[in-house]
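The values are calculated or read from the model by the stated rules, or taken from the named source; none is laboratory data. This one's a predicted model, so the numbers in the text were calculated from it and none came from an experiment. Quick reminder, even Gly has a Cβ in these numbers, built from the backbone with ideal geometry, and neighbours come from all protein chains shown.
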Amino acid sequence: MLNRRKLLALGGMAGGGAMLALAGQTSAPTASQAHAHMQGPPGTAPQPPVKPFSVRMPIPQELRPTHSTTLLDSYEVAMQPAHVEIIPGMRTPMLTYGGGFVGPTIRARAGRRTLVRFRNELPHAANVHLHGGHVSPENDGYPTDLVQPGTGRIYDYPNNQDGATLWYHDHTHHMEAEHVYRGLHGFYLLEGDDERGLGLPTGRYDVPIMLSDAHFGMDGSLVWNPEGGWFDRTNLLANGKVQPYFPVAARKYRFRLLNAATHRHFKLDIGGETMIQIAGDGGLLPAPVHRTDLMLTPGERAEVVIDFSKHKPGEQVVLWDAIGAVVRFDVVERAPDDSRVPDRLRTLATLPAATVTRDVALSTDLVNVKSLINGQLFDPNRVDFRIRHGDSEIWRITNKDNNSPMEQVEHNFHIHLVQFRVLDRNGNPPALGEEGLKDTVVVGPGDTVRVQATFRGYRGRYVHHCHILEHSQFGMMGQFEVV
Ligand code: C2O
Ligand code: CU
Ligand code: CU
């Protein structure tokens, strides 16, 4: 029999209300529905109360190199279990890079190499993927290429790419969703030469914010249930704290927003005020985009400039998601501001002519709880696309999960190795903010998105997948080989 909890596990509905509405559609509940009811309606599991805006949002610590030469910086990071205070007064067991949550920020510069030695002090295998990075296959964190417990491994990041807000996270086959949920992620801020001289806010006015969510048990531990459990992940986290506050000066700030949640999309606004989006996944946009809201699906990044100068000290600006506040910016002081957002941010290279067009169909087998690409589950022994080195290709990505309201599932799509350009969305121009380089793109139910990427620099096998990590873990992943 179709297990409704599992079926809903694959659904893309953003809140518990959708599930309740669904459960109400059938007059005679099935056994599994009745069971689900015995467990209480989703989204309402008892959780320790957290008072909003009671802790300050930390800025993840920057990692200090253990060694630097004129050409490179090297670092050491231990993957280790740790108890972290997320809820004041409670200790949450986490999986961490470096003992904290979120992981330490690695700062890199375009053209300057970064070596990171990761030691695995966890009781199980794990690995590291630099999301958005242009790296060789051996250093990409292939799902079956793992660092065994008690061993270490050097990852080599050449940083031969444009400046961008990247992040590193675990990619262990079938475990990526849980490992990332439990804390294995951190920022990797790659600074490009191109952005120096633009006058954007820098230093303490350039703040990375990692967005995620969590479901806590009454003892403060994280509850993990990949089959529909995200309905209960109703705590919104910014840099690892639940609904923190962050003191700001009445001037412009650059915020680097990253959705590190495994399943939730964030629909962000600051109460109708304007945010100026200056960058997407792969770095600066050609021109700033003024907007009042912004959606980020898992894995996506957006950088926005928010100008607090129209607020007086004492005023507050809340960054909202559809289900609640994410972080409250408390304007505490005036400050001089010589930063600016120029009308042009960068020039994107013209796209070469594409030689190949491929179809990528995302679909869900609700009955058997499988997430598929072109009808197939991920198989590390099967190469799905062979790509000639140097070729520029168009991938036409379609979300087939649109047959009935119940079958609507939101997906997104992420390609390793490359930054792509969105050509069009259902035949229309790319959505607001999609004009730059991207590595992850939302594909809503029934949507078709065409992207173009040029595959060069490395030969070998890489994966592509839905970045709703519960889906990639259920099979919605494929691989390509550059030959
Ligand atoms: Cu964010 Cu395959 O990765
Ligand atoms: Cu990636
Ligand atoms: Cu998906």
Of all residues in the range 154-194, which are within 13 Å of ligand 2 (Cβ to nearest atom) and of a type in the set (A, V, I, L, M, F, W, C)?
164, 166, 167, 180
Quick check on my filter: what residues within the range 168-200 are in a helix (DSSP H, G or I) and either surrounded by 19 or more Cβ atoms within 10 Å (Cβ to Cβ) or within 16 Å of ligand 3 (Cβ to nearest atom) (or both)?
176, 177, 178, 179, 180, 181, 195
Considering only residues of the range 395-421 that are crowded, with 21+ Cβ neighbours inside 10 Å and among the hydrophobic types (A, V, I, L, M, F, W, C), which is nearest to ligand 3 (Cβ to nearest atom)?
409
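Okay, residues lined up against (1) touching a helix residue (DSSP H, G or I) at 6+ places or on another chain (Cβ under 6 Å); (2) within 16 Å of ligand 1 (Cβ to nearest atom); (3) not in a loop (DSSP other than H, G, I, E, B):
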site	(1), (2), (3)
401	yes, no, no
406	no, no, yes
417	no, yes, no
424	no, no, yes
432	no, no, no
435	no, no, no
442	no, yes, yes
In the range 97-114, is there at least one residue being under 22 Å from residue 235 (Cβ atoms) and in a strand (DSSP E or B)?
yes
Filter the range 456-480 for residues that are part of a helix (DSSP H, G or I) and within 15 Å of ligand 2 (Cβ to nearest atom) and give the result.
469, 471, 472, 473
Condition broken by residue 251, with the remaining ones in (1) at pLDDT 95 or above; (2) closer than 27 Å to residue 410 by Cα; (3) not small (Gly, Ala, Ser) satisfied:
(2)
Which residue pairs have Cβ atoms closer than 7 Å, lie 6 or more positions apart in sequence or on different chains, and pair a first residue in the range 161-175 that is over 16 Å from residue 94 (Cα atoms) and more than 13 Å from ligand 1 (Cβ to nearest atom) with a second residue that is among the charged types (D, E, K, R) and not in a loop (DSSP other than H, G, I, E, B)?
162/194; 163/191; 163/194; 163/195
Of the residues in the range 218-233 that are within 21 Å of the chain's Cα centre (by Cα) and of a type in the set (Asp, Glu), the one that is nearest to residue 323 (Cα to Cα) is 232
Would you point out the residue of the range 324-340, among those that are surrounded by fewer than 19 Cβ atoms within 10 Å (Cβ to Cβ) and assigned to a loop (DSSP other than H, G, I, E, B), that is nearest to the chain's Cα centre (by Cα)?
340
Return the total of residues in the range 397-407 being more than 16 Å from ligand 2 (Cβ to nearest atom) and within 21 Å of residue 450 (Cβ to Cβ).
5
Mind telling me which of the residues 198, 211, 236, 257 ends up being under 18 Å from the mean Cα position of the chain (by Cα) and under 26 Å from residue 158 (Cα atoms)?
257
Does any residue in the range 84-104 that is surrounded by fewer than 22 Cβ atoms within 10 Å (Cβ to Cβ) come within less than 7 Å, Cβ to Cβ, of a residue that is aliphatic (A, V, I, L, M) and assigned to a loop (DSSP other than H, G, I, E, B) six or more places away or on a different chain, and which pairs are these?
87/50; 88/55; 92/86; 104/63
In the range 72-96, what count of residues is obtained for those that are part of a loop (DSSP other than H, G, I, E, B) and acidic (Asp, Glu)?
1
Against the condition within 25 Å of residue 197 (Cα to Cα), under 21 Å from the mean Cα position of the chain (by Cα) and within 16 Å of ligand 1 (Cβ to nearest atom), how does residue 291 come out, does it pass?
no
How do the pairs read when you match residues in the range 319-340 that are closer than 22 Å to residue 272 by Cβ with residues anywhere that are β-branched (Val, Ile, Thr), using Cβ under 6 Å and keeping only pairs 6 or more apart or on different chains?
319/270; 319/326; 319/327; 325/318; 328/318; 329/248; 329/317; 331/248
The one condition residue 229 fails out of (1) at pLDDT below 95; (2) surrounded by 21 or more Cβ atoms within 10 Å (Cβ to Cβ) is (2)
Which of the following residues is more than 16 Å from ligand 3 (Cβ to nearest atom), within 25 Å of residue 279 (Cβ to Cβ) and in contact with a helix residue (DSSP H, G or I) (Cβ under 8 Å, 6 or more places away or on another chain): 163, 141, 132?
163
Whether any residue in the range 103-120 is more than 23 Å from the chain's Cα centre (by Cα) and closer than 25 Å to residue 259 by Cβ is what I want to check.
no
Index of the failed condition, residue 138 passing every other in (1) within 16 Å of ligand 2 (Cβ to nearest atom); (2) surrounded by 16 or more Cβ atoms within 10 Å (Cβ to Cβ)
(2)
Matching residues in the range 347-376 - criterion: being within 16 Å of ligand 3 (Cβ to nearest atom) and either at pLDDT 95 or above or surrounded by fewer than 14 Cβ atoms within 10 Å (Cβ to Cβ) (or both)
360, 361, 362, 363, 364, 368, 371, 372, 373, 374, 375, 376
Going residue by residue through the range 402-411, is there one that turns out to be touching a Cys at 6+ places or on another chain (Cβ under 8 Å) and either hydrophobic (A, V, I, L, M, F, W, C) or modelled with pLDDT of 95 or more (or both)?
yes
Those residues of the range 445-460 which are under 22 Å from the mean Cα position of the chain (by Cα) and within 16 Å of ligand 1 (Cβ to nearest atom), in sequence order
451, 453
Please verify whether residue 455 is of a type in the set (A, V, I, L, M, F, W, C) and away from ligand 3 (no atom under 14 Å from the Cβ), treating the condition exactly as stated.
yes
